[in-house]
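Asks: Below you will find the structure I want to go over with you.
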Amino acid sequence: MKRVVALIDGEHYPPVVRFALAALGNDAEVVAAVFVGGTEKVDLANGFEAYGVPVLAGEDPAAVILGAIDRHAPDVVVDLSDEPVLSAADRFSLASLVLGRGVEYRGADFSFVPPRPRVEPCTPTLGVIGTGKRVGKTAVSAYVARALKAAGHDIVVLAMGRGGPSEPEVIHGDEVSLTTADLLEFARQGKHASSDNYEDAVMSRVTTVGCRRCGGGLAGETYFSNVPDGARLADTLGKQLMVLEGSGAAIPPVHADATIVVVSASRGVGYVRDYFGPYRVRRADLVVISSAEEPLCTPDELDAVRRAIASVAPEVPVVATTFRPTPIESVEGRRVLFATTAPRQVVPRLTEYLESEHGCEVVAVSTALSDRAHLRADLAANEGRFDTLLTELKAAAIDVVAAAGEEAGVPTVLCDNVPVAVDGHDLDRLVERACELALQRGAERKRRSGSGA
């Protein structure tokens, strides 16, 4: 029988609430109720004896609810409240807190279940998740992998994507250098050769295990995935650390000992403050703010994102970053068409950086890498102007860009997106600190498991 903490209010007549609590008690154990506000139909001077169960109350209902969870260890919080005491925004805020304790939050026509790890590897784990798609999570993951490898850590990246393989796939990126020709051959075999596991292997030269997932819930659960199988496979490789790379806003269904959360400043404070943004941010041991420069966001907008993060997770370190395009082989002296998923408004800055830092002439930029029809039109419109194609390893990079390059007889060079701190923080040191937390917590978890605790 499930244990329930119920949320009640004073806008309902107490005998009606008691009736509802009794009905809940037919198939669950109601261990306590939390009074969340309202005075219309209740005389608070008479106390809460009328409800028939222990009732907790206080000036901060959210804190009282968390206290009730910690004290009574319920399986589910059932919300018997209503407007105007709890608005929809209030309920999402409470749901973020409740799910953060690993407890289901349920109401009359909704039920939010916390994403639960289906695998707890022996290998210590460091998660990298995002608050949405196109926040730069994969670029940050690849950077994390490179930084940790350079620091001497032996890692494997477990990547899940919407285009991942049907069976978990190991790529020994630390032993074999994949070329554009290799990726084209994968594409001809029907694989999504721009999937995150290929990007990680190519850009970071580390071992990767690629997985697939379909469907993403509001709090980050996936509807279908083969990630648990991939985690078990990665756990057999004898690595020091497993980096768990999320997909969009979806969270890998694998236990994470520490977590890096990537938030895009250009998306605004809503992705931090609203819905299940707070749930994700509270998981963080490090928050990386991406796109933290103009024209993508103003200084005031960046400050607003920082304040939103601090209001949710005040103790968590935060670093603001931007991305710089970095070809993985020389393009000096080349006339390039650059294909990217970046917003159009940053094209002048990307062009200037490529030309000044990498010595190429950028004759055209297509921001349609994730729109195949427009991408093909951009390639056709600039035919004959370029002698090299430069592309991020995303979306249609291989099946459209590299394929067009092969047909035209021009090389395709892959381009990394490297996060660069813009606020004076040491990104490498912060990543190393997150790694240390993951290793420490993983070791402690292994000791507890070995002791039978």
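Asks: Could you say whether any residue in the stretch 427-436 is in contact with a His (Cβ under 7 Å, 6 or more places away or on another chain), crowded, with 17+ Cβ neighbours inside 10 Å and not polar (S, T, N, Q)?
Replies: Scanning the stretch 427-436, I find at least one residue that is in contact with a His (Cβ under 7 Å, 6 or more places away or on another chain), crowded, with 17+ Cβ neighbours inside 10 Å and not polar (S, T, N, Q), so the answer is yes.
Asks: If Val422 passes every condition in (1) in contact with a Ser or Thr (Cβ under 8 Å, 6 or more places away or on another chain); (2) among the β-branched types (Val, Ile, Thr); (3) closer than 30 Å to Lys191 by Cα but one, which one does it miss?
Replies: Looking at each condition in turn, Val422 falls short on (3).
Asks: OK, next. Take the conditions among the aliphatic types (A, V, I, L, M), more than 21 Å from Glu221 (Cα to Cα) and either at pLDDT 95 or above or touching a His at 6+ places or on another chain (Cβ under 6 Å) (or both) and apply them to Leu44. Does it pass?
Replies: So Leu44 fails the test.
Asks: All but one of (1) under 19 Å from Leu99 (Cα atoms); (2) modelled with pLDDT of 95 or more hold for Val288; state the number of the condition that does not hold.
Replies: (1)
Asks: Consider the stretch 29-47. How many of its residues are more than 13 Å from His12 (Cβ to Cβ) and outside any helix (DSSP H, G or I)?
Replies: The total comes to 7.
Asks: Of all residues in the stretch 91-129, how many are outside any loop (DSSP other than H, G, I, E, B) and over 23 Å from the mean Cα position of the chain (by Cα)?
Replies: Matching residues across the stretch 91-129 total 1.
Asks: Only one of (1) in the same structural domain as Thr180 (by TED's automatic domain parsing); (2) closer than 26 Å to Gly246 by Cα; (3) out of contact with any strand residue (DSSP E or B) (no Cβ under 8 Å at 6 or more places or on another chain) is not met by Ser370, so which one is it?
Replies: Of (1) in the same structural domain as Thr180 (by TED's automatic domain parsing); (2) closer than 26 Å to Gly246 by Cα; (3) out of contact with any strand residue (DSSP E or B) (no Cβ under 8 Å at 6 or more places or on another chain), only one is false for Ser370: (1).
Asks: Could you list all residues from the stretch 401-453 that are on the phi > 0 side of the Ramachandran plot and either among the acidic types (Asp, Glu) or within 25 Å of the chain's Cα centre (by Cα) (or both)?
Replies: Gly424
Asks: Please specify each residue of the stretch 338-381 satisfying the condition of being exposed (fewer than 15 other Cβ atoms within 10 Å of the Cβ) and not charged (D, E, K, R).
Replies: Pro343, Gln345, Pro348, Ser356, Gly359, Ala373, His374, Ala377, Ala380, Ala381
Asks: Moving to a separate point now. In the set Val78, Val42, which member is assigned by TED's automatic domain parsing to the domain that holds Asp90 and within 23 Å of Val113 (Cα to Cα)?
Replies: From the options Val78, Val42, the qualifying one is Val78.
Asks: Then there's this: How about the stretch 201-218: which of its residues are under 19 Å from the mean Cα position of the chain (by Cα) and of a type in the set (Lys, Arg)?
Replies: Across the stretch 201-218, the qualifying residues are Arg212, Arg213.
Asks: OK, next. Can you give me the number of residues within the stretch 9-28 that are in a loop (DSSP other than H, G, I, E, B) and surrounded by 14 or more Cβ atoms within 10 Å (Cβ to Cβ)?
Replies: 5
Asks: Follow-up. What helices (runs of 4 or more DSSP H), lying completely within the stretch 362-453, carry at least 3 residues that are without any contact (Cβ under 8 Å) to a residue 12 or more places away in the chain?
Replies: The helices (runs of 4 or more DSSP H) meeting that bar are 372-381, 427-451.
Asks: Then there is this: Starting from the stretch 214-229, take each residue that is more than 24 Å from Ser96 (Cβ to Cβ) and list its partners that are assigned to a loop (DSSP other than H, G, I, E, B) and of a type in the set (S, T, N, Q), counting only C-beta distances under 8 angstrom and pairs at least six apart or across chains.
Replies: Asn226/Ser166
Asks: So which of Val170, Val119 ends up being of a type in the set (A, V, I, L, M, F, W, C), surrounded by fewer than 24 Cβ atoms within 10 Å (Cβ to Cβ) and outside the structural domain of His255 (by TED's automatic domain parsing)?
Replies: Result: Val119 is the single residue among Val170, Val119 that is of a type in the set (A, V, I, L, M, F, W, C), surrounded by fewer than 24 Cβ atoms within 10 Å (Cβ to Cβ) and outside the structural domain of His255 (by TED's automatic domain parsing).
Asks: Also, quick follow-up: Could you grab me the full set of residues in the stretch 48-57 that are in contact with a helix residue (DSSP H, G or I) (Cβ under 9 Å, 6 or more places away or on another chain) and either in a helix (DSSP H, G or I) or of a type in the set (Ser, Thr, Tyr) (or both)?
Replies: Ala50, Tyr51
Asks: Looking only at the stretch 173-205, how many residues end up being over 12 Å from Leu414 (Cα atoms) and of a type in the set (Val, Ile, Thr)?
Replies: Residues in the stretch 173-205 being over 12 Å from Leu414 (Cα atoms) and of a type in the set (Val, Ile, Thr): 1 in total.
Asks: Considering (1) small (Gly, Ala, Ser); (2) farther than 22 Å from His255 by Cβ; (3) at pLDDT 95 or above, say which one Gly127 fails and leave the rest.
Replies: All conditions pass for Gly127, except number (2).
Asks: Still on this structure, please answer the following. If the requirement is being among the hydroxyl-bearing types (Ser, Thr, Tyr), closer than 30 Å to Gly230 by Cβ and in contact with a Leu (Cβ under 8 Å, 6 or more places away or on another chain), which of these qualifies: Tyr51, Tyr105?
Replies: So the residue among Tyr51, Tyr105 that is among the hydroxyl-bearing types (Ser, Thr, Tyr), closer than 30 Å to Gly230 by Cβ and in contact with a Leu (Cβ under 8 Å, 6 or more places away or on another chain) is Tyr105.
Asks: Can you tell me which residue among Arg349, Arg306 is at pLDDT below 95 and not in a loop (DSSP other than H, G, I, E, B)?
Replies: Arg349
Asks: Moving on to the next point. Please identify the pairs in which a residue from the stretch 14-39 that is over 17 Å from Ala73 (Cα atoms) has its Cβ atom under 7 Å from the Cβ atom of a residue that is among the small types (Gly, Ala, Ser) and in a helix (DSSP H, G or I), counting only partners at least 6 apart or on another chain.
Replies: Pro14/Ala50; Arg18/Ala50
Asks: Could you identify the single residue in Ser330, Ser356 that is in a loop (DSSP other than H, G, I, E, B), of a type in the set (Ser, Thr, Tyr) and either farther than 30 Å from Phe276 by Cα or at pLDDT 95 or above (or both)?
Replies: Ser330
The values are calculated or read from the model by the stated rules, or taken from the named source; none is laboratory data. Being a predicted model, the structure only gives us computed values, none of them experimental. Virtual Cβ from ideal backbone geometry, glycine too; neighbours counted across all protein chains shown.
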